[in-house]
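None of the figures in this text is laboratory data; all of them are computed from the coordinates on show. Model, not experiment: these values are computed from the prediction. Glycine gets a Cβ as well: all are built from the backbone with ideal geometry, and neighbour counts include every protein chain shown.
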Amino acid sequence: MPFPPEKGKKYVVSGMPRSGSTVVWQIANALLPGLVMRSHCYIHTRADEFEEGGELEFGLGKDVNEIPTIVTVRDPFDAFISHERVKGRGDEKYIEVVSPTGLPHLQNIEQRKRLEHFIRTYIFDTVSYFLSGTKGGRNVFFIPYEGVIDEDLIFRVTGIAQFMDIEISSGRAREIADMFSIERNKKIADTYENFDYYCKETFIHGDHIGPTMGQPGGGNLIPPNVRALLADMHSAYFFLFDYHSHFSDEFKETILPIVKLNNIEIFSLDPSFEV
């Protein structure tokens with residue numbers, strides 16, 4: 001449903017698919033019911049239309065740069081493999097070939113297109129949020145998926161409440177953490193046949209949580225040379241959010257030390273962004 005008009009302060013939860021945005025939205029919405037929008041897109045303009053289903057829930061009614069935004073981030077290769085799984089392509093193999101120019105690519109052309117589109121689109125959106133915060137004054141709070149999975153969820157609930165200027169007791173934080181634990185969300189997911197069906201109260205889809213219970217590392221199915229090529233090409237995201245392990249050895253040895261030593265803007269190395 002759209003935001004109730006002028007009911008209170010509104011928030012946006014955004015992030016690439018499979019980056020933990022659903023559980024973060026669940027937590028934020030429990031803190032301020034009906035006042036938290038979620039989207040996988042970069043929200044950069046005022047939008048008056050509203051689409052039911054939890055993906056593009058607009059109706060903000062004001063300049064979106066005034067809306068505090070929580071952005072989830074994840075190792076994009078892990079996110080891509082997870083996204084492929086819920087799309088029914090979880091059993092596919094990823095084989096590397098070398099192009100005539102000497103660059104590594106995936107042998108399967110369709111896989112290559114899907115991977116490059118996913119990386120390009122969602123990395124651009126996430127870094128755009130970063131730039132709108134550092135250069136445009138937008139109030140943005142980044143939450144790493146790996147932290148949501150590996151750390152105490154109560155800690156995350158408390159951090160989200162703090163960003164939203166909400167005082168919360170330890171008991172209430174624990175209650176919310178228990179409500180939206182991965183185990184409880186997995187039980188909800190198991191009641192639906194597949195990802196096409198979902199719970200309208202929690203936005204948990206069938207097969208939303210896989211057999212590994214969301215643990216990181218799925219992106220290792222993609223050959224390391226392919227990952228390195230894409231990480232070097234889209235260096236801003238991998239640098240900003242500390243996914244340095246994917247960079248090529250040459251990038252690690254020559255570019256990263258220069259960036260760190262001289263405080264060079266990483267965006268100058270990434271053709272996707274204008275400094």
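Structure notes:
- Here the Karplus relation 6.51 cos²θ - 1.76 cosθ + 1.60, evaluated at θ = phi - 60°, turns the backbone of the stretch 222-239 into coupling constants of 7, x, x, 5, 5, 4, 4, 4, 5, 5, 5, 5, 10, 5, 4, 4, 5, 6 Hz, with x for every Gly and Pro.
- Pairwise FRET efficiency - GLN107 versus MET213, Cβ, R0 = 41 Å, nearest 0.05: 0.85
- A simple rule links phi to the HN-Hα coupling: the Karplus curve 6.51 cos²θ - 1.76 cosθ + 1.60 with θ = phi - 60°, which for the stretch 104-110 gives x, 9, 6, 5, 6, 4, 5 Hz, with x for Gly and Pro.
- Under the Karplus curve 6.51 cos²θ - 1.76 cosθ + 1.60, θ = phi - 60°, whole-Hz ³J(HN,Hα) for the stretch 211-219, x wherever Gly or Pro sits: x, 7, 6, x, 5, x, x, x, x
- When each of THR22, THR72, THR134, THR202 is scored by the number of other beta-carbon atoms lying within 10 Å, the sequence from fewest to most is THR134, THR202, THR22, THR72.
- Taking each of LYS9/LYS200; LYS10/LYS87; LYS87/LYS186 in turn, the alpha-carbon distance tops 20 angstrom for LYS9/LYS200; LYS10/LYS87.
- When SER181, SER248 are sorted by how many other C-beta atoms sit within 10 angstrom of their C-beta, beginning with the fewest, the order is SER181, SER248.
- Scattering profile of the stretch 68-215 at q = 0.09, 0.14, 0.16 Å⁻¹ [log10 I(q)/I(0), Debye over alpha-carbon scatterers]: -0.39, -0.89, -1.09
- Computed from label points 7 Å out along Cα-Cβ, the spacing between LYS252 and LYS187 is 4.3 nm.
- In loop segments of the stretch 116-201 as defined by DSSP, the GluC sites (Glu not before Pro) with at most 10 further C-beta atoms inside 10 Å of their C-beta are GLU167, GLU193, GLU201.
- Nonlocal amide H pairs with TYR42, under 5 Å, H built at 1.01 Å: none
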